[in-house]
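A short write-up of the structure that comes next.
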Amino acid sequence: MHVLIIDAQGGGIGRQLVAAIRQTIPEAVITAVGTNSVATSAMRKAGAHDAATGENAVVVACRKADVIVGPIGIVIADSLLGEITPVMATAVGQSSAKRILIPFNHCDNLIAGVSNTSVSALLQEAVSILRQLADVRKEARIFS
C-alpha cells in the first residue's frame, strides 16, 4: 500500500502521522510531501520512505498513491495559511486514491459536527481507518 501524507506549515501533523503509520502499518510505503521544506524535513526525519516539496510534487504523488492522508485543508484551495494552491487541492480531490482527511477547525474552515477532539485522538482515528483499508486490501489479495 502506497500512502501519501501531505502537510504544510511546520509539518507537525505529518510528522506524527508518519511515525504512527510506520509503527502501526510497517508494510506501508510512505511518501511525504510538504508544501514547504520545513514540513518535508519533519516528515522525512519521522521515517517517510520518500519525501518531496511543493506543488508539482503533490500533483505527481497524488497520481501514484493508494491512500492520501492529511488535514482537511489539503482539499481546500488557499487553506493552511495559503500554502495549499488551487492546483494542489484539485490534484488531491481528483486523485483515484482513497482520502483520509483529518478535520481541524482552523484557517477559517469550520467543520460542523466536529467537536473539540484532541489532535492525538484525531490522528489515532486516521491511522485506524488506514489500518482497516490495509487489512481489506491484504484480504483481497489473498482471495484473488
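The values are calculated or read from the model by the stated rules, or taken from the named source; none is laboratory data. These numbers were taken from a predicted model, which means no experiment stands behind them. Methodologically, a virtual Cβ is constructed for each residue, glycine included, from the backbone with ideal geometry; neighbour enumeration extends over all protein chains shown. The accessibility values were calculated without ligands, DNA or RNA, using every heavy atom of the protein model including side chains. Shrake-Rupley method; radii C 1.70, N 1.55, O 1.52, S 1.80 Å.
Summary table below
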read-out: Whole-Å distance, taken between Cα centres, linking segment 1-18 and segment 54-73; value: 10
read-out: Label-reachable residues, segment 1-39, where backbone N falls under 17 Å from a point 7 Å from Q124's Cα toward its Cβ; value: 16-25
read-out: Residues with amide H under 5 Å from that of I5, placed H, sequence gap 5 or more; value: T31, A32, V33, V69
read-out: Segment 1-97: GluC sites (Glu not before Pro) falling in loop per DSSP and having at most 11 other Cβ within 10 Å; value: E27
read-out: Relative contact order of the chain, pairs being alpha-carbon contacts under 8 Å that are 6 or more residues apart, as %; value: 23
read-out: All lysines inside 18 Å of K138 as judged from Cα atoms, apart from same-chain residues fewer than 8 positions distant; value: K98
read-out: Cβ-placed point charges (K, R +1; D, E -1), dipole of segment 20-144 about Cα centre in debye, nearest 20; value: 420
read-out: Fluctuation leader among G11, G34, G82 - the chain, Gaussian network, Cα springs under 10 angstrom; value: G82
read-out: Carbon plus sulfur fraction of accessible area for the chain, probe 1.4 Å, in percent; value: 53
read-out: Accessible area expressed per residue, the chain, with surrounding protein chains retained (probe 1.4 Å, Å²); value: 51
read-out: Diffusion coefficient, µm² s⁻¹, Stokes-Einstein with Kirkwood Rh over alpha-carbon pairs of the chain at 25 °C and 0.890 mPa s; value: 164
read-out: Order by protection proxy (mean Cβ within 10 Å, highest first), peptides 40-50, 84-94, 114-124; value: 40-50, 84-94, 114-124
